Amino acid sequence: MAEVKVKPEVPDPLDVENRIIELCHQFPHGITDQVIQNEMPHTDAQQRAMAINRLLSMGQLDLLRSNAGLLYRVKDSQNTSKMKGSDNQEKLVYQIIEDAGNKGIWSRDIRYKSNLPLTEINKILKNLESKKLIKAVKSVAASKKKVYMLYNLQPDRSVTGGAWYSDQDFESEFVEVLNQQCFKFLQSKAEAARESKQNPMIQRNSSFASSHEVWKYICELGISKVELSMEDIETILNTLIYDGKVEMTIIAAKEGTVGSVDGQMKLYRAVNPIIQPTGLVRTPCGLCPVFDDCHEGGEISPSNCIYMTEWLEF
């Protein structure tokens, strides 16, 4: 009896496309061709390629490059409408910038990830900027370089420098004013505790203020043109701690307590040093990094030391 060969059933192209879309939703960061092959073992390479090419042409998938090779990722519907009419290279650059988030990405890194010529990247960046899809932001980390991010994103503090920078310039005077006002508030809190004439332990506890209290005080003063966060105020308070003017303690706090984070609250209070440092300790020589190379007649000497001159004048 002759052997009957059963012809394998050819999968419906629409079913193949739907299955690929399902896999992309399961792996939102993207899938490789190997993943598709493992999940769809009965679909041959030609059928997979036809389905992927059709999805790419319809704008349902994004094609990305990674260390593992090509990645396929389902396209966001909003981005699809924004990038309508753009070619694949422009879509690729947009995707790379989107992945960088609010920290942005340098054009050099875009070139590395896209493998496109720099002239082509510059052309694409200008085109995307003109469409208000992306924007260039100057970074405080490198004044002559710009990072690119999506147009509607607020740049990360690591890019702008946060409240302490204005147009890439460090606002030293603003920081000093905040430093003085934070210390003044803690001093007034300590003074009020001493005047209460209660026992020493109660006086000490009532001299503490939370970072939220200090933040609220600074906000009510209205001395800042930018919106300050509690994290910003804690940065200022840390400088006071390093100066020996303030001490900090951490206590347990009930969940939901104003100013608490993860069940803990930071408290600060103004302190006076037990003894004033001697004059010798306060000389520049005590902290000089080139102290060992300093000698009379040398390139570095006490007679031409600008720090020593400033200290003597003070």
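Might you let me know whether region 52-59 holds any residue that is surrounded by fewer than 16 Cβ atoms within 10 Å (Cβ to Cβ) and at pLDDT 85 or above? Yes - at least one qualifying residue is present in region 52-59.
Counting residues in region 255-264 that are among the aliphatic types (A, V, I, L, M) and either under 30 Å from Ile124 (Cα atoms) or open to solvent by less than 80 Å² (accessible area, probe 1.4 Å) (or both) gives zero.
Number of residues in region 67-103 that are outside any helix (DSSP H, G or I) and at pLDDT below 65: the value is 6. Of all positions in region 177-198, at least one carries a residue that is in a loop (DSSP other than H, G, I, E, B), over 27 Å from Ser158 (Cα atoms) and open to solvent by 60 Å² or more (accessible area, probe 1.4 Å). Would it be correct to say that Leu228 is assigned to a loop (DSSP other than H, G, I, E, B) and surrounded by 13 or more Cβ atoms within 10 Å (Cβ to Cβ)? Taking the combined requirement at face value, the residue satisfies it.
Report yes if Glu220 is under 26 Å from the mean Cα position of the chain (by Cα), of a type outside the set (A, V, I, L, M, F, W, C) and in a helix (DSSP H, G or I), otherwise no. So Glu220 does not fit the description; no. Report, ordered by the first and then the second residue, all pairs with beta carbons closer than 6 Å, sequence separation of six or more or different chains, a first member in region 295-307 that is closer than 13 Å to Cys285 by Cβ, and a second member that is of a type outside the set (Gly, Ala, Ser). The qualifying pairs are Ile300/Val290; Ile300/Asp293; Ile300/Cys294; Pro302/Met308; Tyr307/Pro284.
The values are calculated or read from the model by the stated rules, or taken from the named source; none is laboratory data. Worth saying up front: this structure is predicted, and the values here are computed from it rather than measured. Glycine also receives a Cβ, built like all others from the backbone with ideal geometry; neighbour counts cover every protein chain displayed. Surface areas here come from the heavy atoms of the whole protein model, side chains and all, with no ligands, DNA or RNA. Shrake-Rupley method; radii C 1.70, N 1.55, O 1.52, S 1.80 Å.
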